[in-house]
Each structure stands twice: as C-alpha cells, then as structure tokens.
Amino acid sequence: MTSAKIPTKFFGLCSRRERWSLSWRGWLALVLFFLLLGIFWLLNVQTFLAQTKRADTKILVVEGWVHPYAIEDALKEFQAGHYEKVYTTGGPVVGSGGYLDDFNTSASVGAELLVKAGIPSAAVQMVPSHISGRDRTYSSAIALREWFSAHHLPVNSFNVLTEDVHARRTHLLFQKALGNKVVVGIVSAPSPEYDAKHWWHYSEGVREVLGESIAYVYAKFFFHPPMVSEQVP
C-alpha cells in the first residue's frame, strides 16, 4: 500500500500537511490558565520578594544604601534580637563617580545613620566595597566575606536587613557569595510608600515589584559568579 503524495508548491519548498490546532474551547482554556496565573502572581509576588527568614545569630548585616525607614527597622531588629555586632555594607555612593575612599560609600553612610538612630558605635562596623555599577549587592557580599577572612572571624551565620522586595534577591546573592556553610538569614523592612497587599494601586509599588521581579529572575537564572569557597576562614 502506497502512501498518498503530499501536495507541494513553489518547487517543493512548501508542503501541505494535516495538523492539530486549538479549538475555541482550547484557546479559552489557555487564556483562562494565563489569567489565573497572572492573578496568582499579582497576589503573591510582593510577599515572595519581601522575604523574612531569620537565622539564629548575634550578627546583623545592614545594607548601607537603605532609606531612613529601614534604618529605624534595623534599630528595632538590633534591640529585639539582642545582636552583638552590626556590619554595614555597600559601595561608592551613587553619583560619586566611583570609589574615592571608604567614607564615601553606602557602608559608611549606613553606619553613621545607625549610630545616630541609637545603636552603640562600638557595635557598628562598616565594611565598604570598592565596586560601583552592576552587581553591587553581590560585590558588597564579597567584601563582607573578605573582611571576615582578613580579620579571622569564624562566622557561621548572620542576618541581613534590607528594604522590602529587595530581600529575596539580597538573600540569594549573599548566600552565593558566602557559600553553603554559612547560614544567611534575611529580614525585610516593609516600605511605608505603598500598601503591600494592593501594591499594584501605587506607582511606587509597581515600580519596586516589577523591577525586583526582573532583577530576581536575572540573579536566579542568569547571574553566574565565580566559584567561591564554601567556608569562611
């Protein structure tokens, strides 16, 4: 039995074949699926990004670039968690044109604000990064790792406090930088600029959530830093 010849046109460059395609019910089901997926994302993405998951530790790390409301939350966290030491991280202040000195960094600014807020100066240590531009969070985490190593501190765990929806990406990048044998906890300071449950009603909420969603996907799936040691000396 011979098979039917398949019709062709244009000197055999095109052929006609029988194929399956979505019916109107199929298209409706597909649209409903993506609609439900979008609603699920809308209702849960802010909570997902603004992650809080504390480690059992006496060390608190604060990203120095955070706004005053996060500094106040850092003070509350320090007092409630009975921390013994606070480290501030961050590179050159935005707009400075690059690294000038340690005191022109977010780490220095953050340390000064924490002391003014009420944390004892003896408990605060700035750990500046000299890197500006892209991958600033990861560069800050590397600077912290190197500071621990240079000062021979056997750090096994610490908590990082940062702003709102930046938290999950911060946690991911600090964990990548410090390695799997250091437990990195994360504390998210909620933004007073918008209602987290209805973030899409606020321009600030839309800007922060959408921007951090894209940044987290990049950090999770496309950012591949050099391999680091899994243990801090």
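Observations on the structure shown:
- Test result for TYR83, within 19 Å of the chain's Cα centre (by Cα), of a type outside the set (S, T, N, Q) and at pLDDT 95 or above: no
- The single condition among (1) modelled with pLDDT under 95; (2) over 21 Å from ASP101 (Cα atoms); (3) not charged (D, E, K, R) that ILE131 does not meet is (2).
- Number of positions in the range 57-89 that are touching a residue at least 12 places away in the same chain (Cβ under 8 Å) and in a helix (DSSP H, G or I): 11
- Residues of the range 68-91 that turn out to be in contact with a Ser or Thr (Cβ under 8 Å, 6 or more places away or on another chain) and over 20 Å from PHE174 (Cα atoms), as a count: 1
- Boolean, VAL155 is outside any loop (DSSP other than H, G, I, E, B) and either without any contact (Cβ under 8 Å) to a residue 24 or more places away in the chain or on the phi < 0 side of the Ramachandran plot (or both): no
- Look at (1) at negative phi; (2) over 19 Å from the mean Cα position of the chain (by Cα); (3) modelled with pLDDT under 95 and you find that GLY91 fails only one, number (2).
Quick grid of which residues meet (1) touching a Phe, Trp or Tyr at 6+ places or on another chain (Cβ under 8 Å); (2) at pLDDT 95 or above; (3) surrounded by 17 or more Cβ atoms within 10 Å (Cβ to Cβ):
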{"residue": "ALA189", "(1), (2), (3)": "yes, yes, yes"}
{"residue": "ASP195", "(1), (2), (3)": "yes, yes, no"}
{"residue": "TRP199", "(1), (2), (3)": "no, yes, yes"}
{"residue": "TYR202", "(1), (2), (3)": "yes, yes, no"}
{"residue": "GLU212", "(1), (2), (3)": "no, yes, yes"}
{"residue": "PRO226", "(1), (2), (3)": "no, no, no"}
{"residue": "VAL232", "(1), (2), (3)": "yes, no, yes"}
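- A search for C-beta distances below 7 Å between a residue of the range 36-54 that is closer than 16 Å to ALA215 by Cα and any residue that is modelled with pLDDT under 95 and outside any loop (DSSP other than H, G, I, E, B), counting only pairs 6+ apart in sequence or on different chains, returns nothing.
- Considering the range 128-176, the residues that are in contact with a Phe, Trp or Tyr (Cβ under 7 Å, 6 or more places away or on another chain) and farther than 24 Å from GLU208 by Cα include one that is surrounded by the fewest Cβ atoms within 10 Å (Cβ to Cβ), namely HIS130.
- The listed residues are GLY205, GLY211, GLY185, and the only one of them that is over 17 Å from GLY90 (Cβ atoms) and part of a strand (DSSP E or B) turns out to be GLY185.
- Scan of the range 16-56 for residues that are assigned to a helix (DSSP H, G or I) and among the aromatic types (Phe, Trp, Tyr), ordered by number: TRP24, TRP27, PHE33, PHE34, PHE40, TRP41, PHE48
The values are calculated or read from the model by the stated rules, or taken from the named source; none is laboratory data. The model shown is predicted, which means the values in this text are computed figures rather than measured ones. So basically every Cβ, Gly included, is an ideal-geometry build from the backbone, and we count neighbours across all protein chains shown.
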